[in-house]
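Heads up: the structure comes next, in structure tokens.
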Amino acid sequence: MADPMIRLDAQDGDARTGLLTTRRGPVRTPAFMPVGTAGSVKGMFPAELRDMGADIVLANTYHLHVRPGEDLVRRMGGVARFSGWNGPVLTDSGGYQVFSLAERRTIDEDGVTFQDHVEGTRRRLTPERSIAIQEALGADIMMALDDCTGAPSDRALAADAMRRTARWLPRNLAARADAGAALFGIVQGGLFDDLREESLAATAALPFDGVALGGVSVGESREEIRRVVATFGPRLPAGRPRYLMGMGRPEDLVEAVASGFDMFDCVLPTRHGRTAQLFTSRGVLNMRNAKYRDDGRPPDPDCACAVCRTFTRAYLRHLYTTGEMTGPRAGTYHNLFHFQDLMARMRAAIAEGRFAAFRAAFHATLEEGPE
Ligand SMILES: [Zn+2]
């Protein structure tokens with residue numbers, strides 16, 4: 001491990017704010033990474049993401065490997081240049097999609113064999129292969145391949161997947177050829193504290209640049225997952241970036257920041273934006289709802305984004321119900337802005353030593369509910 005990747009500027013309770021260094025530029029933390037599944041944050045231009053405060057985006061290795069293939073992306077200068085983003089990019093290992101999307105997958109000690117969900121091509125992913133693909137994509141932060149088969153609440157399955165993940169960890173590190181790209185390890189173990197402990201010890205002992213908490217976006221028991229996040233956030237290595245994978249309701253982000261996490265990603269703001277569900281400080285509004293038919297207010301009166309400054313709820317409802325493409329685009333834009341704004345407000349609150357008050361006010365407003 002080279003110099004620490006993260007510089008911590010302030011801490012308030014367990015919450016922390018600082019700056020992550022990547023070869024394509026700095027990332028202010030806590031940071032929310034918009035998800036650019038196939039090298040595109042659906043509906044958004046790179047400059048719009050920048051303007052709303054995004055410093056880093058996530059790209060899915062599985063999707064880019066299947067289409068257009070990492071060799072083409074490499075020839076086009078890597079995913080940051082290919083997509084026009086030209087900033088820091090984190091790639092996942094591909095494992096999560098292999099386990100959630102691919103067909104006929106079989107896992108063995110060396111890796112996983114599967115057929116992709118597009119053309120049914122037989123493919124193989126191992127820790128070495130995942131790192132090679134992520135390097136070809138030009139990732140600035142890579143994720144170690146983990147075994148995602150474990151059901152969070154099934155102890156035997158969670159233990160098997162966690163231990164195989166632990167055996168794979170050193171192989172990911174040994175496979176790295178691009179020293180300019182950071183590599184994070186992933187803590188697994190489902191809902192079982194002793195398994196999480198074992199996984200954390202194995203991951204923290206190795207020279208990963210950052211440590212992630214995985215297997216928390218599988219939605220069986222939100223309360224239990226929240227407990228794992230609160231328990232293990234403060235215990236991940238303090239000198240390295242702490243990444244909570246795939247969890248992203250605003251209230252979960254606030255709680256995870258309170259538990260010391262630095263980085264987040266989630267498809268919710270983009271996916272919800274496409275289905276007319278807008279995040280606001282008072283909860284999620286469904287813009288298709290008939291009650292907004294002649295509502296002349298902005299979608300979120302507390303939001304300063306271009307959508308809320310331009311459109312009314314009545315107009316957005318009209319766009320969504322008539323299938324106009326501006327509807328899903330506006331919803332996506334607003335939601336991503338809302339998330340970036342939330343992160344900026346948390347960074348300021350931590351820096352100014354008032355995060356506890358911010359957290360209490362955030363939850364109080366949310367509980368008031370939509371008007
Ligand atoms: Zn807005």
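The values are calculated or read from the model by the stated rules, or taken from the named source; none is laboratory data. Predicted model, so just to flag it, every value in this text is computed and none were measured. Don't worry about glycine lacking a Cβ; one is built from the backbone with ideal geometry, like all the others, and counts go over all protein chains shown. The area values use the complete protein model at the heavy-atom level, side chains included, leaving out ligands, DNA and RNA. Shrake-Rupley method; radii C 1.70, N 1.55, O 1.52, S 1.80 Å.
Suppose R0 equals 22 Å; then what is the FRET efficiency for A177 and R124 from their Cβ-Cβ distance, rounded to the nearest 0.05?
Numbers: r = 19 Å, r/R0 = 0.87.
Using R0 = 22 Å, I get an efficiency of 0.70.
Quick one: dipole size for segment 158-258, taken about the Cα centre, charges +1 on Lys/Arg Cβ and -1 on Asp/Glu Cβ, in debye to the nearest 20.
Values: 13 positive and 13 negative charges, 67 e Å.
Computed charge dipole of segment 158-258: roughly 320 debye.
At a 1.4 Å probe, what is the % contribution of carbon and sulfur to the accessible area of the chain? Mind dumping the intermediate values first?
On the way: 7590 of 15040 Å².
The C+S portion of the solvent-accessible surface of the chain is 50 percent.
Please give the net charge around D295, taking every other residue with its beta carbon less than 9 angstrom from that of D295, where Lys and Arg add +1 and Asp and Glu add -1. Don't skip to the end; give the middle numbers.
On the way: positive: K291, R293, R297, R313, R317; negative: D294.
Once all neighbours under 9 Å are counted, the net charge is +4.
Hey, what did the chain get for relative contact order, percent, Cα under 8 Å, at least 6 apart? If you can, show how the numbers build up before the last one.
Numbers: 741 pairs, mean separation 63.5, N = 371.
Here the relative contact order equals 17 percent.
Using helices alone, I'd like the mean residue ellipticity at 222 nm for the chain: each DSSP H run of four-plus residues gives -39500 (n - 2.57), total over residue count, nearest 500. Kindly include the intermediate steps, with their values, before the conclusion.
Values: 15 runs with 154 residues, N = 371.
That calculation yields -12500 deg cm²/dmol at 222 nm.
Within segment 320-337, which residues have the backbone N less than 15 Å from the label spot 7 Å out from T37 along Cα→beta-carbon, could you tell me?
328-329, 332
Just how large is the dipole of segment 325-371 about the Cα centre, in debye to the nearest 20, putting +1 at every Lys and Arg Cβ and -1 at every Asp and Glu Cβ? Mind dumping the intermediate values first?
Numbers: 5 positive and 5 negative charges, 50 e Å.
It comes to approximately 240 debye.
Could you do me a favour and compute the accessible area per residue for the chain, 1.4 Å probe, result in Å²? Please report the intermediate quantities before stating the final value.
Details: 15040 Å² over 371 residues.
I get 41 Å² per residue for the chain.
D for segment 267-347, whole µm²/s, Stokes-Einstein with Kirkwood Rh over alpha-carbon pairs at 25 °C and 0.890 mPa s: what number?
On the way: Rh = 12.2 Å.
The Stokes-Einstein estimate is 201 µm²/s.
Do any GluC sites (Glu not before Pro) in segment 210-259 lie in a DSSP loop with no more than 13 other beta carbon atoms within 10 Å, and if so, which?
E220
Would you mind checking the tilt of helix 193-204 against the longest principal axis of the Cα atoms of the chain, expressed as 0 to 90 degrees and rounded to 10?
Relative to the chain, helix 193-204 is tipped by roughly 70 degrees.
Work from the charge dipole of segment 132-200 (Cβ charges, +1 for Lys and Arg, -1 for Asp and Glu, about the Cα centre) and give the residue of L173, L183, M142 farthest towards its positive end.
With unit charges placed on the Cβ atoms, the residue in question is L173.
Enter the Cα centre distance for the pair segment 300-352 and segment 241-289, rounded to the nearest angstrom.
13 Å
Rounding to the nearest 20 debye, state how big the charge dipole of the chain is about its Cα centre with +1 on each Lys and Arg Cβ and -1 on each Asp and Glu Cβ. Intermediate results must be reported in sequence, preceding the final value.
Numbers: 46 positive and 47 negative charges, 167 e Å.
It comes to approximately 800 debye.
Quote the convex hull volume per residue of segment 232-371, based on C-alpha atoms, as a whole number of Å³.
Enclosed volume per residue, from the Cα hull, is 105 Å³.
Would you calculate the separation in nanometres between label points at T106 and A201, each defined as 7 Å from the Cα along the Cα-to-beta-carbon direction?
Going from the T106 label point to the A201 one covers 3.5 nm.
Nearest 5 percent is fine: what portion of the DSSP beta bridges confined to segment 86-189 is antiparallel?
Values: 7 of 12 bridges.
Of those bridges, close to 60 percent are antiparallel.
Compute the relative contact order of segment 198-300 as a whole-number percentage, counting only Cα pairs closer than 8 Å that sit 6 or more residues apart in sequence.
On the way: 110 pairs, mean separation 21.3, N = 103.
Relative contact order, segment 198-300: 21 percent.
So what's the gap between the Cα centers of segment 184-230 and segment 1-64, to the nearest angstrom?
Rounded to whole Å, the Cα centres lie 20 Å apart.
If you take every DSSP beta bridge fully contained in the chain, what fraction is antiparallel? Give it as a percent rounded to 5. Let's see the in-between values first.
Values: 22 of 44 bridges.
If I count the DSSP bridges inside the chain, around 50 percent turn out antiparallel.
Just to confirm the number: angle between the C-alpha axis of helix 222-232 and the first principal axis of the chain, 0 to 90 degrees, nearest 10?
The two axes meet at around 60 degrees.
Check each of the GluC sites (Glu not before Pro) in segment 40-116 and keep only those in coil by DSSP with at most 12 other C-beta atoms within 10 angstrom; list them in order.
On the way: sites: E48, E70, E103, E109; in loops: E109.
Filter output for segment 40-116: E109.
Hey, what angle do you get for helix 127-137 against the long axis of the chain, alpha-carbon based, 0 to 90 degrees rounded to 10?
50 degrees
Work out the charge dipole of the chain with +1 on the Cβ of Lys and Arg and -1 on the Cβ of Asp and Glu about the Cα centre, then indicate which of T22, V79, L58 is farthest towards its positive end.
V79
Under the rule that a partner needs its Cβ under 4.7 Å from the first Cβ, which Cys of the chain have none?
C148, C266, C305 - these cysteines have no disulfide-compatible partner (Cβ-Cβ under 4.7 Å) in the chain.
Contact order normalised by length for segment 50-176, with contacts defined as Cα pairs under 8 Å and 6 or more residues apart; what percent is it? Write down the numbers at each step before the final one.
Details: 201 pairs, mean separation 30.7, N = 127.
About 24 percent, as a whole number.
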